[in-house]
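Notes for the one structure printed next.
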Amino acid sequence: MMNMNTRNQYLKTLINEHGYHLLLRGEKTKLLDEYCKNAKQNRKYVIRKIRNASYLKSGKRLRKSYYDNYVKVALIRCWDIFDHPSGQRLASLLGAEVERLRRLKELLCSDTVAKKLKKISPRTIDEKLKKHKEKERLTRTRKVKVHPLLYQKIPIKIFAEQDRGSAGNIQIDFVEHCGATTRGHYANTLSTTDIAHGWWEGEAIMGSGKQRAQEAVDRVRGRYPFNWNEIHSDNGASFINGHLYNYTIKEGMDFSRSRPYQKNDNCLVEQKNWTHVKKHVGYLRYDTEEDLAILNDLYRNELRLYKNFFQSVMKLVSKERVEGKIHRKYDKAKTPYRRVLQCDEVPKHIKNQLIKTYESLNPAELKRSIDYK
């Protein structure tokens, strides 16, 4: 089946090769019959095309894009500042952050471009960034002996059984920075996240000793804007031990664990082990006190502020299996900071402190500092 552009090319070839305008009437008739039969077009319509030479024009009409290259350049800048989020997550940020970035002189664009950025849809964002993303695309299970009595005292909870509605239910995990070998002492990052709001905190320690792990949990807990009700860990000996178990009893917290070799039971913190730790720290070995100091400086300052105040999160609302396929529905993307502000369990004075902190931050400066460290 020929399209309009192919028909025009065919007609142009017939006219040029046979010298249509110099032919006699009968010869023109034969040429028109041949074209109309093959192209399946009306004879009178073809004659008009030849008279006004419309077959010489391109059949494709180019429509001027509403979101032009000025918008695309500004969109790429915002995408870089907010650490390459998806279209849905970026769209939820642009409405609130575009004017802020312009005020901070991190985003230089006209009022027209800023207006377009505020109302651009997630699908259009992904479409505009598709080529740019292609250019920038980068490319153990270990058995641990755990005390059997503690195994019985600490209950197993799968992800569906964990409380996803109230603040203070925390998933915790360790991320190793051992490089190519696990010999000797090296740094480990304690990664923690709140199930309901996605708030994240991290702390680096040398090794993964039981007492050091418990002390790291206590330090991280103090940086959360709400109290902890329960901690949920994997089955590593760094967590399933008397130090942490007695600590939770003393502080009045519940303690649960995942099923052995089932990472999906601790899925939220497992996600953040990549997005919040490995993505920034990498896979090298860090085994000196200087390394440890830099890691903790990063976690306690810029990274926690950047991730909690300027990285939006989508929560799973429902999951349904239909004919062998799982259909998932998510809520609107929001930053952990915005979710905490909407939480009734967080005191008003804590929310006011968070608002003051947010107003004092520059996301672009935080990103530069993270990259430098």
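The values are calculated or read from the model by the stated rules, or taken from the named source; none is laboratory data. Note that the structure is predicted; figures quoted are calculated from it, not measured. In this analysis, Cβ positions are derived from the backbone assuming ideal geometry, glycine residues included, and neighbour counts consider all displayed protein chains.
Points worth noting:
- Options 354, 295: the member that is of a type outside the set (D, E, K, R), at pLDDT 95 or above and closer than 30 Å to residue 208 by Cβ: 295
- Scanning the stretch 197-209 for residues that are under 20 Å from residue 266 (Cα atoms) and either surrounded by fewer than 21 Cβ atoms within 10 Å (Cβ to Cβ) or not assigned by TED's automatic domain parsing to the domain that holds residue 262 (or both) yields a total of 1.
- Of all residues in the stretch 92-128 being touching a helix residue (DSSP H, G or I) at 6+ places or on another chain (Cβ under 6 Å) and closer than 21 Å to residue 366 by Cβ, the one that is modelled with the lowest pLDDT: 95
- Within the set 55, 70, the sole residue that is more than 30 Å from residue 330 (Cβ to Cβ) and buried (at least 17 other Cβ atoms within 10 Å of the Cβ) turns out to be 55.
- Number of the condition not met by residue 145 [criteria: (1) loosely packed, with under 15 Cβ neighbours inside 10 Å; (2) at pLDDT below 90; (3) closer than 30 Å to residue 319 by Cα]: (3)
- Scan of the stretch 243-270 for residues that are polar (S, T, N, Q) and part of a loop (DSSP other than H, G, I, E, B), ordered by number: 258, 262
- Here residue 291 clears all of (1) among the charged types (D, E, K, R); (2) surrounded by 18 or more Cβ atoms within 10 Å (Cβ to Cβ); (3) within 17 Å of the chain's Cα centre (by Cα) except the condition numbered (3).
- Unmet requirement for residue 182, which otherwise passes all of (1) in a strand (DSSP E or B); (2) surrounded by fewer than 20 Cβ atoms within 10 Å (Cβ to Cβ): (1)
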